[in-house]
Amino acid sequence: MNKTRTTIGIMLMWLIVATVQSIYEGALLSNYGVSEERINFWVLLSTSLLAALIAGFFMGYFFFPKANIWLRTLPYGKTLWLIFLTFSGFYLVVGTVGSFMYNNLTYGFGNQESWENSIEHLTSSENFKNYMFWLIVTLLTTLFLQINDKYGPGNFQAFLLGKYFKPTRVDRIFMFLDLRSSTSIAEKLGELEYFTFIRRFFQDVTPPLLENNGEIYQYVGDEIVVSWKLEQGLPQQRCLQSFFDAKAKLESLAKTYQEKFGMVPSFKVGLHYGSVIVGEIGLVKRDIAFSGDVLNTTARIQSKCNHFGVDILISNQLFEALEQEEPGRFQFESVGEVELRGKAKPLQLFTVQNNV
């Protein structure tokens, strides 16, 4: 759903950009007295919009998700070259088709003048200008998607509009995901190899979290803090599904980890939800930060996984909210009321099994 929504958003944005560009070029050519025989604004607009629609779909559905993977797993320099080369090849195809379509619609299909003008346009400085323009649009779109990933869907716009300049109370689900036996792994692998191991671990478990509408709040040492808006985490119990999807991803990569590092990572998670304060924080490096007892409680819940010998624990509050949303999707088992450090009253916790 996120991929489809993002693709539609890119298509709409690029249609607007193509419209503005066509109006500008039409006005510029008209100002320089180019005859209507050589420039037909409505044909220019329609072919530009068609090209933007096709390009927006292809780039949104195929290219940008791939570029996102490159940005997460490859050096930025290499990623920029891949983006540049992929875009250049795609622009060559779309630009060539668009040029021939425009000139054939203007001068008539099969007309010798149509072919000559098409070839002339493809080798002109105007086409190079269009290439540079759409390359910049592509890079800006990539940058926007990366920033949107950092802050979470909708949060970057809110950040720009100053929504979080004044602290605000919101309801959020939080997950603390912690690598098991990190100290012993670090001792066995050594500092450099351990850093490679933990980076690979983060790269592999992050996509399943994002695919289930999770927002990465922080990477802290060997731990990932994830949050969900209630309307994103409760439907289809996605906050829980993300745990099982991440676990399945690591299991599918067990052979790769064993060959490269001599061990396979495992993790434990704690989940809880409630009201937190969210607002901008920092002077030199401004960011969106959450504050409240919910985060401390979630961390304490996760710390009890070892005590009960389980990989996942959730609070009674989250259990009740999930069961109201979609009962029967997962199997819940109470581990009883547990005293948590810093909490005046014991908290009932549940572990979770996948019914599938």
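The values are calculated or read from the model by the stated rules, or taken from the named source; none is laboratory data. Note that this is a predicted model, so its numbers are computed, not measured. Ideal geometry is used to build each Cβ from the backbone, glycine not excepted, and the neighbour counts take in all protein chains shown.
Write out, first by first residue and then by second, each pair whose Cβ atoms fall under 6 Å of each other, whose residues are 6+ apart or on separate chains, and whose first residue, in the stretch 181-197, is without any contact (Cβ under 8 Å) to a residue 40 or more places away in the chain while the second is hydrophobic (A, V, I, L, M, F, W, C). Short answer, once both residue conditions are applied: Tyr194/Ala186. Identify the residue in the stretch 293-316 that is more than 26 Å from the chain's Cα centre (by Cα) and closer than 21 Å to Thr168 by Cβ and, among all such residues, is surrounded by the most Cβ atoms within 10 Å (Cβ to Cβ). Here the residue is Thr297. Among residues of the stretch 301-312 that are more than 14 Å from Leu271 (Cβ to Cβ), those with a Cβ under 7 angstrom from a residue that is outside any helix (DSSP H, G or I), sequence gap 6+ or separate chain, pair up as Phe308/Val335; Phe308/Thr351. With respect to Leu295, determine if the residue is in contact with a helix residue (DSSP H, G or I) (Cβ under 8 Å, 6 or more places away or on another chain) and either closer than 14 Å to Leu271 by Cβ or assigned by TED's automatic domain parsing to the domain that holds Leu271 (or both). For Leu295, the condition - in contact with a helix residue (DSSP H, G or I) (Cβ under 8 Å, 6 or more places away or on another chain) and either closer than 14 Å to Leu271 by Cβ or assigned by TED's automatic domain parsing to the domain that holds Leu271 (or both) - is not met.
Within the stretch 63-74, is there a residue that is surrounded by 15 or more Cβ atoms within 10 Å (Cβ to Cβ), at pLDDT 75 or above and over 25 Å from Leu143 (Cα atoms)? No: zero hits. The condition of being assigned by TED's automatic domain parsing to the domain that holds Glu25, at pLDDT below 80 and within 19 Å of Leu15 (Cα to Cα) holds for only one of Leu45, Leu50, that being Leu45. Taking first residues from the stretch 320-346 that are without any contact (Cβ under 8 Å) to a residue 40 or more places away in the chain and among the polar types (S, T, N, Q) and partners that are part of a loop (DSSP other than H, G, I, E, B) and surrounded by 11 or more Cβ atoms within 10 Å (Cβ to Cβ), the Cβ contacts under 9 Å between residues at least 6 apart in sequence or on separate chains come to Gln324/Leu234. Restricting attention to the stretch 184-233 and to residues that are in a loop (DSSP other than H, G, I, E, B) and surrounded by fewer than 20 Cβ atoms within 10 Å (Cβ to Cβ), the residue that is modelled with the lowest pLDDT turns out to be Gly221. When the residues of the stretch 117-128 are narrowed to those that are over 16 Å from Ala52 (Cα atoms) and not hydrophobic (A, V, I, L, M, F, W, C), which ends up surrounded by the fewest Cβ atoms within 10 Å (Cβ to Cβ)? It comes out as Ser125.
Need pairs with beta-carbon distance below 9 Å; first residue outside any helix (DSSP H, G or I) and within the stretch 1-12, second at pLDDT 85 or above and crowded, with 16+ Cβ neighbours inside 10 Å; sequence gap 6+ or separate chains. Listed by first residue and then by second, the contacts come to Met1/Asn213. Scanning the stretch 164-183 for residues that are in contact with a Leu (Cβ under 7 Å, 6 or more places away or on another chain) and crowded, with 16+ Cβ neighbours inside 10 Å yields Ile173, Phe174, Met175. Candidates are the residues of the stretch 70-96 that are of a type in the set (A, V, I, L, M, F, W, C) and in contact (Cβ under 8 Å) with a residue 12 or more places away in the chain; the one that is farthest from Leu145 (Cα to Cα) is Val94.
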